[in-house]
Every structure is written in structure tokens, then in C-alpha cells.
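Worksheet: one structure, shown below.
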Amino acid sequence: MIKINHLNKYYNKGKSNEIHVINEVNLELPSTGLVSFLGQSGSGKTTLLNVIGGLDKATGSITYDDIEIKNYSMRKIDKLRSNDIGYVFQNYHLILEETVYNNLAIALNMIGIFDKEEIDKRVEYCLNAVGLYKYRKKQAFALSGGQQQRVSIARALIKKSKVIIADEPTGNLDSETGAEIIRLIQEVAKDKLVLIVTCLLYTSDAAD
């Protein structure tokens, strides 16, 4: 469970163009499930998710299970982000010249996992989960947008993250492919907490 208390974020604080982008936010988020943050562009939803996910600073406190972070201690949040939080971005952020396998292996190397057997096991599991194991030897640039986003989801899963943050994951996809990605995210959310930022409301009909 994530508890957020008195969270505030300013841009240009104290200046004439000050923006209070996160205004005294208090939230309790469950341990599993899909939580959507809806709103128009510029309403602060991505900033809020970036703060929850440790990519941006704010004042206030966030408690992740039994770990409390007050006034955003970056030392604590860096460790938490590395071990427990995965990200799915609108623009995929894959290394296009690398294979699908290597994109996932590099994500594991970054958290200190280098054992070939362990990497093989995790890559196989995660790519099977997103239906792309047969593409493991393909370079990322050779995949379609939908396939690249599936690799991005596999990368978020590979370190066994407790929380997945998805920032407009269907923004660069056509409606049919976007619905497929939403279905996949709904499956992921059965045993993880998935926080998704979107301008659109996906109903169960849209994802069926």
C-alpha cells in the first residue's frame, strides 16, 4: 500500500509565474490493482506519478508499505525505485540497436543481476507474459510500436517490481493496438499495483 500525505509541488515558487502543480494531495493506494489518473494535458497527473515513482521531488510524505519518505529523501527513493518500481513510457525508451533480450538483460544488470541463468529465466518468463519470446533475438527497431511497448512492459516486470507506473502507454499507438496494451496492463494489475496516466478513460468494453 502507498500512502501520500500533504504532497505539494511548485514550479517557479515565489516568482510571478509560480505554478502550484500538486496541491495538498492525500491518497491511499492499494497493493494491487489498476488505478487511472485522468485529466487534461497540463493538469499535473504526470508530475504526480513522477513524484510517486521517485523521478521528481516534492514536499510532504509518501509511505511505501513500511518505508516512509518525508520531504523526499532521494537516497531512500533511489533504492526503492531501483528495486520495486517499474516504468512504462509513452515513447518506449528502448535501446533500438539492441536485441529485445539485451534490452531486458541490461535492465537487470542495472540492479546488479549478472547471472546468465537467472537473466535467461527472467527474460523467458517476462517475454512469454507479453507474447514476445519468439522475438527475443530481434533488434528493437525492427518491432512495431505495439511490440515495442510490450517489450517496455516486460522490462518493467523483469525486476519483479511491486509498482508499475505507466505514463500514457497507448499515446503513440492506434486504437486497436492501444486496447491490446490496456488488456495486457489489466492482466499485470492482477498481482501488482499499476498506476496509469491517461487523457482517456478506458472502460471494460474498450478493453474487451
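The values are calculated or read from the model by the stated rules, or taken from the named source; none is laboratory data. All values reported here derive from a predicted model rather than from experimental measurement. All Cβ positions, even for glycine, are placed from backbone atoms using ideal geometry, and neighbour counts span all protein chains on display. To get the accessible areas, we keep the full protein, side chains included, count just its heavy atoms, and leave off ligands, DNA and RNA. Shrake-Rupley method; radii C 1.70, N 1.55, O 1.52, S 1.80 Å.
The table for this structure:
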item	result
Loop-resident sites, segment 51-142, for chymotrypsin sites (Phe, Trp or Tyr not before Pro), counting at most 10 other Cβ within 10 Å (DSSP)	Phe114
Accessible area per residue, Å², segment 116-158 with all protein chains present, probe 1.4 Å	50 Å²
Cα convex hull volume per residue for the chain (Å³)	130 Å³
Nitroxide proxy distance, nm - points 7 Å out along Cα→Cβ at Asp174 and Asn17	4.0 nm
Candidate aspartates and glutamates - alpha carbon under 20 Å from Lys162, same-chain residues fewer than 8 apart omitted	Glu28, Asp56, Asp65, Asp66, Glu68, Asp78, Asp84, Glu118, Glu124, Glu187, Asp191
Phi to ³J(HN,Hα) by Karplus 6.51 cos²θ - 1.76 cosθ + 1.60 over segment 144-156, Hz, x for Gly, Pro	6, x, x, 5, 4, 5, 5, 5, 4, 5, 4, 5, 5
Cα centroid separation, segment 119-141 to segment 41-98 (Å)	25 Å
Table column - 3J(HN,Hα) (Hz), segment 92-108, Karplus curve with 6.51, -1.76, 1.60, x for Gly and Pro	6, 6, 8, 8, 5, 7, 8, 6, 4, 4, 5, 4, 6, 4, 4, 4, 6
Virtual spin-label span in nm between Thr32 and Ser61, 7 Å along Cα→Cβ	2.9 nm
Qualifying trypsin sites (Lys or Arg not before Pro) for segment 38-132 [loop in DSSP, other Cβ within 10 Å: at most 16]	Lys57
Estimated vicinal HN-Hα couplings, Hz - segment 160-176 in sequence order (Karplus 6.51, -1.76, 1.60; Gly, Pro = x)	6, 5, 7, 10, 10, 10, 10, 9, 6, x, 10, x, 9, 10, 5, 4, 5
Rel. contact order, % - alpha carbon contacts under 8 angstrom, at least six apart, segment 1-73	36 percent
With all protein chains modelled, accessible area of Thr170 [1.4 Å, Å²]	20 Å²
Theoretical FRET efficiency, 1/(1+(r/R0)^6), r = Cβ-Cβ of Lys160 and Asn5, R0 25 Å, to 0.05	0.35
